[in-house]
1. For the protein assembly as shown, what does the alpha-carbon gyration tensor say about shape, rounded, prolate or oblate, given a ≥ b ≥ c as the root eigenvalues, a/c under 1.5 as rounded, and a/b over b/c as prolate?
2. Sort out for me the Cα centre separation of segment A:419-439 from segment B:94-165, rounded to whole Å.
3. How would A:Leu335, A:Leu369, A:Leu407 line up from fewest to most surrounding beta-carbon atoms within 10 angstrom?
4. Averaged across B:44-51, how many Cβ atoms of other chains sit within 10 Å of each residue's Cβ atom?
5. Whole Å is fine, so just give me how far the alpha carbon centre of segment B:176-242 lies from that of segment B:1-61.
6. Report the Cα centroid-to-centroid distance between segment A:133-169 and segment A:202-232 in angstrom, as an integer.
7. Can you say what percent of the DSSP beta bridges in chain A, counting only those with both residues inside, are antiparallel? Round to 5.
8. Give me A:Ser432, B:Ser288, B:Ser87 sorted ascending by neighbouring Cβ count inside 10 Å, so fewest comes first.
Amino acid sequence: MKRLALFLSIVFLITILGASFALAASKTEIEVASFQGGYGIDWIKKIARDYEKLHPNVRIKVWGNPRVWEQLRPRFIAGNPPDLCAPGWGFDFWAAIYEGQFFPLDEELAKPAYGQEDKKWSETINKALLDEFYWEGKHYVIPMFTNLYGWWYDDAFFAKNKWEVPETVAQFEALAEKIKKEKVAPLTTQGMYPYYALWSYFLPLAVKYGGIDMYKDAMNLKPGAWKQDGFLKAAQKVDEWVKKGYFQKGCVGMNHTESQMEVIAHRAAIIGCGSWLEAEMKNVTPKNFKWRMMGVPYPEDGKGDPTAFYMDQDIATSWVVPSKAKHPEIALDFLRYMTSLENAKYVSAEKGAIVPVKGSEVALKSEALKSAVAVYSKAKIIWTYSGTYQVWYPTINKALETGIQALLSQEITPEQFLDKVEKEAEKVRKDSTIPKHTY
Amino acid sequence: MYNKKERKRLIILFLTPALFFYLLFVIYPMASSFYYFLFKWRGVSANKTFVGFANLKEALHDEVVWQSLGHNFYFVIGLIIIVLSFSLFFAFNIFRPIKWANLYKTVFFFPNVLSLVLVAIIWSFVYNPSFGILNSFLRMVGLEGWIRTWLGEKGTVLPSITIAASWNMMGFYIILFLAGIKRIPRSFFEAALIDGASNIRVFFSIIMPLLWEIFKVALVYLIIAGLNMFPYVQLMTRGGPNRHSEVLATYIYEQAFTNSRFGYATSIGIILLVVVLGLTGLLFKIMSRETIEY
C-alpha cells in the first residue's frame, strides 16, 4: 500500500512538473536589455509584469546595467541581439541604423496607441523627438525620456537679490552687471564637456540671431553655412561675455558636477543645462534652493524666433528593436504598450522625468521640471542637436566643441572659430563614405 | 631528483594554462588588430569594407595624431624626470637608517594603491579653479597672480596632469628601487664608509651602477606609462581644452567609440605600438652595459 502511494505520488509529481514545463514552453519569452542609469530599470520590470497579465502567453525577461552597450555590441555583431533594447549612451545608434541593425518602426507607429485607440501610436509621441532618428523614409528609435535645455538658476537666490529673469539679451546684460556687483559670476558652464556650452550658449543664440533656416543650412551641410551672420553674431556674443567677465573664471577647467555646484554655492548665478540637472544634483542641493529654468534670452535684433527651443531625447534610454530580434512583433507591441499614456504618466511621476508622450506632463511633480515645460510649451520653433547633427557628423561636432573651448579660453577669435568649423564641414561634404542627412 | 627532461616537462605543464589565456586574451586581440586596420568597420555589425592601407595613410596625415603623440612624449619625459629623480631620492633616504623609515614607506606607497579614478578625482579637486586647495593656498599666501585654471589652460594642463600621475606612480618606483638597493651587500657600504665616501659618492659610485638593471626596467615602465596616460587624461580633461592634453590613447578611444571608426582607431593603435616598441628597443640599445655580478 505504501509503495503504491509512493508510486502514485511520484506519477502525480511528474505530471504536474511536466504540465508546468509544457505550459512554460508554450509561453514565448522575449528578452529586453536596457541601460541602467539614474532612472533604474524597475519601471521597465513593472510595466513588463503588467503586460504579462494582459498577454498570459508572453514572458518578458528584463535585464540591464550601466554599461549595457558593451554586452550588446558583440551580440549585434554576432547577429544574436535581444528582442528589444535601450542600448545606452555608449552605443552608436546611427552606425547601427546605417548597418541595418534596427527594425523600421513605421508599420507599428501607424497602429492605434494603447489606451487611446482613436489615435495612431505615432500621433501620441513628440514629433520632433520621434523624427530625430529618421533615415531613408523610416523611423528607428522610440524616445522614452525628454531633455529640455535652457538656463537654470536658483529662484530663491534671484528673489533675495531682487533679480528679474531676463527675456532679452539686453536685459540679461543689464542683469549680469548687477550680479557681478554682488561678486557672483553671472554665467558658468561645464567647460570640460564643451558640448554643454554649445547646447546652451552658442547654438541657441545662433538660432535666435540667424533663424531656423540658417541652422538648417548648417545641418544640411550647405557650403559656407557656418560663416553666416547669425552664427558669427552668436560667437561674438559668447566672446564678448567672456571678455566682460560674465562667464565664471576657470569654468573651462570644470566638469559638470563642479560647475553645477558653483551655482548651488551661489558663486555663479546661471548655468546652461538639460532638464536632468535637478535630479543629478539632488543629493547636494540644499532644501531652500529652487532650481528653475528660463529660456535662453533672445537678441532684439535677431532674425530668428525668440521662443526657439532646443530639446532632444535622452538617448541613454531610447528604445530600438534589433532587426535580427527573434520576436520583433511582440517586442514592438510591448514597446507600444510601454509608451501608452497611462504608463507614460506612471514613469513620469515615478521617475520625476519628462516623457515625450503627449499629455503625460500633467503627472510631473517637480517644480523645476514644470518650469522647463512652461518655457517649452511657449516655443514656436523646436530644434534638435545631440541626437542628430552631433552624431551624424561627429568630427564637425568635435570642431565645434574644441572651438567653443578655445573661444571660452580666448585662444581664438569668433571668426577663427567658425573658420575651423566650416573647414571641418567641408571635409565631411567631400567624404563620400559619410552618409549625408537632411534636416 | 628530476632529470632535465622531466623538469622541462613539468615547467611546460605549469606554463600551459597561463600561456593559453595569454594567447587568447593578449596575443590574439593584438594580432587581430593587424587584420582590422585594413578595413572600414563601424563595429556594430559584421559588415566590413576592405580599404587596404588607407586608414594608416590617413592616420599618418592626421595632425591630431602628431599633436597627441607630442603630448605623449611630453608625459614620457615629464614622468621620467619627476618620478625617477624623486623616487631614487626617497628610496636612498629611506634606506639609510633614519627614524620612521617604515612610516615613510607606507606614506609614499599609499597613492599607488588608490584606484586611478580616485586619483583623478582627488587631483581634479586640488586643481579646481574655484575651491581647489592649490588656488586657495595661492590666494592665502598672497600669490593671487599665480592663480590659474590648471586643467583648463593650454600652458598648465600638461604639467598639471604629469604631477598628478607622478604622485600616483611614485610609490611603486620607490619600493622597486628600495628592493634593489637592499640587494646590494652591506659590506660595500661599510667599505665605502671606512674609506670616507660621502653620501653623494655612495649614491653615484655604488648604488647607481649596481641598480642599473632595475633602473632600465623602471625607464621602460615609465615610457610605456607616458605613452598611455589614458585614465588620467580621460578622467581629468577628456583631452581638453581644445585638444591641448589629447594623447594617442584618448584619440583612439574617440575614433572607435564616438566616431565608430574601428579600422581607423586600430591603425592609430598600430602607430602607438610601433612607437612603444621602437622606443624601448632604442632604450635597451643605448643603455646596454655589462651586468655587474656581485
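Values quoted throughout were computed directly from the atomic coordinates according to the rules given, and no laboratory measurement underlies them. Nothing here was measured: the structure is a model prediction, and the numbers come from that model. In this analysis, Cβ positions are derived from the backbone assuming ideal geometry, glycine residues included, and neighbour counts consider all displayed protein chains.
1. Values: a/c = 1.84, a/b = 1.23, b/c = 1.49.
Judged from the Cα gyration tensor, the protein assembly as shown comes out oblate (a/c at least 1.5, b/c at or above a/b).
2. 42 Å
3. Details: A:Leu335 20, A:Leu369 24, A:Leu407 27.
In increasing order of surrounding Cβ atoms, one gets A:Leu335, A:Leu369, A:Leu407.
4. 5
5. Centre-to-centre distance over Cα atoms comes out at 32 Å.
6. So the two Cα centres are separated by 20 Å.
7. Values: 20 of 38 bridges.
So the antiparallel bridges in chain A amount to around 55 percent.
8. Details: A:Ser432 7, B:Ser288 10, B:Ser87 24.
Result, fewest neighbours first: A:Ser432, B:Ser288, B:Ser87.
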